[in-house]
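First up is the structure itself, then whatever we jot down about it.
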Amino acid sequence: MNPTLLRYGGLGLAFLAGIGVVSSSGNLFKGAEQTCSSVLERPCFEQQTGKKLMQLSQKQGIQMLGACLRSSSKSQRGETTENTKVCADEKITFCNEGASGVVVKEYGGNCKTVPPVVVTFPNGGETLMQFVVPTYTVTWSGGWHRIAAYLVKPEATNNSDPSKLILGSIGASPYEVDPLGAELLATTMSLPWDGGSVANLDPGGDWVMWEGVPPGNYKILILSENDKGEMLLWDGVNNKPGNWDVSDQPFTMVGN
């Protein structure tokens, strides 16, 4: 029998230490002070025994979940959702090891409903001096993984395709990737901007040509991934917007 298929509930610390699940001192868990629902790190693994929750390191979690999923005992496996710091309905993969009743859960960072992105600054009525130092901070709430920010004409609204109203890009906020390759939710929801420059497409199709825009009234558009991982401005098939938002009202940029 492959020893990794044995039920963890019946194994001694010496064996667990031998396969790397625990240290020789018996330190089984990453830490009891926090659980996966309270942190942004993904993937995150957790063991539940009754009402007791213990967060596992990624290495420990992968080993324990894999052993449970491959077990020939009466283990139960499936998916559920949970309200976490990442989103209100994060998808959870779980395995309930039948004999011991120990549940191992993996939080992968996938949400049943992606948090909608909402522009918070500038959101309308502000007067911004162009090309200032230090720069302004464009901010938003919500969103998921990748973020792109654009300067758009003041007539842009959330109810129609804004593609032809985009004047240029003011930046992007990629989600973070840890050294092991795991995706982490971006911890910042802001971008610096000088209040006057945008990047436009060069002939090759990249946002590389920065140029100034004249004083006037404008809005900010923030675009994020939808529930399919797409950076979609407008769904032409269903005639509805993707996961983006524009300033509620125009703001004014004045020359410096």
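What follows is calculated from the coordinates using simple rules that are stated; it is not laboratory data. Since we're looking at a predicted model, the values are computed, not measured. Because the Cβ atoms are built from the backbone with ideal geometry, glycine has one as well, and the counts that use them run over all protein chains shown.
Brief remarks on what is shown
- Shape category assigned to segment 24-149 from the gyration tensor of Cα positions, a/c cut at 1.5: prolate
- For residue 110, the residues 5 or more places off, or on other chains, whose built amide H falls under 5 Å of its own are 91.
- Taken one residue at a time, the phi angles of segment 161-166 give Karplus couplings (6.51, -1.76, 1.60, θ = phi - 60°) of 5, x, 3, 7, 9, 6 Hz. Gly and Pro are set to x.
- Net charge of the neighbourhood of residue 131, taken over other residues with C-beta under 15 Å away and scored Lys/Arg +1, Asp/Glu -1, is -2.
- Based on Cα contacts under 8 Å between residues 6+ apart, segment 74-150 shows a relative contact order of 23 percent.
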